[in-house]
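A quick write-up on the structure given underneath.
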Amino acid sequence: MLRKDVNDLLTQTDSGTPMGDMFRQYWIPALLASELPEDDCAPVRVKLLGERLIAFRDSKGRYGLMDEFCAHRGVSLWFGRNEEGGLRCPYHGWKYDYTGQCIEVPSEPDESGFCEKVKLQAYPLIKIGDILWTHMGDKEDRPPKPTWEFATVPAEQTYTSKRWQECNWLQAMEGGIDSSHVSFLHSGGLKSDPLFKGAKGNQYNHADKKPVFEVTEAEGGLYIGARRNAEEGHFYWRITPWVMPSFTMVPPRGDHPMHGHFWIPIDDENCWAWSFDYHPTRALTEAEVQYMRDGHGVHNEYVPGTFRPLQNKDNDYMMDRDAQKRGDTYSGIKGIAMQDASLQESMGPIVDRTKENLVSTDNGIIMARHRLRKAVTALRDKGVTPPGRDPAHQMVRSVAVVLPADQPYAETCKEDLAARPGQKHTSV
Amino acid sequence: MTDQTRPTLLASCASASTAAEARFRVNYPNSGRRRSRIFALDGPAAEAMFAITEAPWQGAHFLAVGSGGDVDPEATGADDLPLSHPDGTGAKLSEEIEGADVVVLISSTGENAGAAEVIAREAYHRHIMCGGLALAGTALANGRGSGAPASSPDSDPTSHVVNTLRPFASILVVARDADFIPAMLNALRA
């Protein structure tokens, strides 16, 4: 249960809100780099943290992210002409460079200097890995560039997708740290999904449906350990890191690529679910990449030409009651990603947490909310920099491991839980 | 009617998950009052716990294991455990735990593992969920820690606390600060 005022505090991210200010402390994923594939390509509408923006790549390959609307008459610059070092409004020809600075107002004399007085709100856009990242906060307080391992390994070792999720970011993100749902909702996928199946660890998952949880605070967020019985005198641990505000990783399975998510608010009732797979020591195989493109693992299929999932609320997520009865899927919904999204969207655009009935196994979620609330209020009231900005906080990995029963995971797996470039991940 | 029939009203399909439709959700109290029993296993844990007992809880009982709590669990019956209420009056474990929905053990020093086992055993026999809260920050502040991260090899007091609770807790939380106690109990409707 969460009081309404706290729920509002954590779920509202528009400009000027405390949680919005917190998200504006970080570099966040804005677009896939493939959305702006070449110089002078078509601009792309982007809505982030309740701000409608336009992204473009100019004639010199510079990325721009700025207010979507022309300062003259409010026309959407999506209709603009991306040419000769700037984006030109097609209505009266006003032109802007990648910093949002107006560089031409054809109706005014060049000598008047009028255009120098016009500048659109703009944010930096930088390419790291497959992703274009932006920082929408104070430029005098720009954080170090992102160091997430999935975005910094060689290109052939990583794959990223994104999908539109039609609910608030927090309830989507909470799914990423809610380890107790995996034994139910995703139980079918462990047997059939090509990016999960075959791992020895899956046997422990199937054999022990009642994991014991251990939640430990970390500098950047949390570790949520789920413990299941393994061989005599041993436990199988699946350890999920959460880094503030909205990065999670799924514990790996065998030698399959590791995967995880970013949950980024579009507005208070929509978010981007970013999903990545990477392998720290080898290139992804052609088959693995094809599986990801086909929507397996943590990815999904799309309505052609969009980032909207093919299974969505308008088609009841293509519910398959026969598959549910057969046990192919637990909920009747195909695919890990849409199994989560369908249920999270069904809660409503912003779930009313005053009505929920949490139990002890929800303590990962309880602690995450607690950490977010403390960080948000410390930033708002005292200007304290929140956890997760420090590059060291971003150097995390998930872990799947079998340990002797008397060995606690946090101590024993300290090195395994840290990103170690060029070294294999710890997985069973 | 065939299986080709599909819902036609907005509220009959997944598209109903809008803010406008949310106002038609049935509004009623969907759960009864919970009986939560919170046990502080040592002095600093009791101090942190008793600091928040005045809040308007919904039926939670707060109990502290007193001196003499370092018992042999094999030789200690439920009602032999020294327990006290916030006002200092004594309490019987069997009466407190009967009918409880959840038991939470709070430890900050790792002392009184025997008492933890007695309480957890009584909870187990009654099929009551038993959770553990290790106050790592309090353990470090008590002088034996180095300021290392929670549950790191260098934070011996934290490991000691965690190891005390681990055998008995179905969910174990290692928190740096005591302010997680009210946050957790509020979330659990204690």
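The values are calculated or read from the model by the stated rules, or taken from the named source; none is laboratory data. Not measured: the values here are computed from a predicted model. Glycine gets a Cβ as well: all are built from the backbone with ideal geometry, and neighbour counts include every protein chain shown. Note: accessible area is taken over every heavy atom of the protein model, side chains too, but ligands, DNA and RNA are not part of it. Shrake-Rupley method; radii C 1.70, N 1.55, O 1.52, S 1.80 Å.
Values as computed for the structure displayed
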{"quantity": "Viscosity 0.890 mPa s, 25 °C: Kirkwood-radius Stokes-Einstein D of region A:112-192 over Cα pairs, µm²/s", "calculated": "142"}
{"quantity": "Signed unit charges on C-beta, dipole axis of region A:27-135, positive-most listed residue A:Tyr96, A:Leu48, A:Leu132", "calculated": "A:Leu48"}
{"quantity": "Directionally averaged shadow of region A:197-320, computed from the convex hull of its alpha-carbon atoms, nm²", "calculated": "10.8"}
{"quantity": "Net charge dipole size for the protein assembly as shown [Lys, Arg +1 and Asp, Glu -1 on Cβ; Debye, nearest 20]", "calculated": "920"}
{"quantity": "Total accessible surface hidden between B and A, rounded to 100 Å², 1.4 Å probe", "calculated": "3300"}
{"quantity": "Restricting region A:146-251 to trypsin sites (Lys or Arg not before Pro) in coil, as DSSP defines it, with at most 13 other Cβ within 10 Å", "calculated": "A:Lys209"}
{"quantity": "Shielding score for B:160-167, defined as the mean number of other chain Cβ atoms within 10 Å", "calculated": "2"}
{"quantity": "Tail weight of P(r) past 33 Å, computed on alpha-carbon pairs of region A:149-413, percent", "calculated": "17"}
{"quantity": "Residue among A:Ser34, A:Val6, A:Met19 farthest towards the positive dipole end of region A:1-41, charges placed on Cβ", "calculated": "A:Val6"}
{"quantity": "Other-chain or far-sequence residues with amide H under 5 Å of A:Gly260's (modelled H)", "calculated": "A:Val250, A:Phe276"}
{"quantity": "Protein-only accessible surface order, largest first, of A:Asp320, A:Asp314, A:Asp208 at 1.4 Å", "calculated": "A:Asp314, A:Asp320, A:Asp208"}
{"quantity": "Average accessible surface area per residue within chain A, 1.4 Å rolling probe, Å²", "calculated": "40"}
{"quantity": "For chain A, Cys with no neighbouring Cys Cβ under 4.7 Å", "calculated": "A:Cys41, A:Cys167, A:Cys271, A:Cys413"}
{"quantity": "Listed pairs A:Lys162/A:Lys210; A:Lys209/A:Lys334; A:Lys95/A:Lys139; A:Lys119/A:Lys145; A:Lys47/A:Lys117 exceeding 30 Å between Cα atoms", "calculated": "A:Lys162/A:Lys210"}
{"quantity": "Rg over Rh [alpha-carbon atoms, Kirkwood Rh] for the protein assembly as shown", "calculated": "1.01"}
{"quantity": "Region B:32-187: translational diffusion in µm²/s, Stokes-Einstein, Kirkwood Rh over Cα pairs, 10 °C, 1.306 mPa s", "calculated": "104"}
{"quantity": "Distance from region A:269-348 to region A:364-428 (C-alpha centre basis), Å", "calculated": "26"}
{"quantity": "Centroid-to-centroid separation of region A:213-256 and region B:57-94 [C-alpha atoms, Å]", "calculated": "34"}
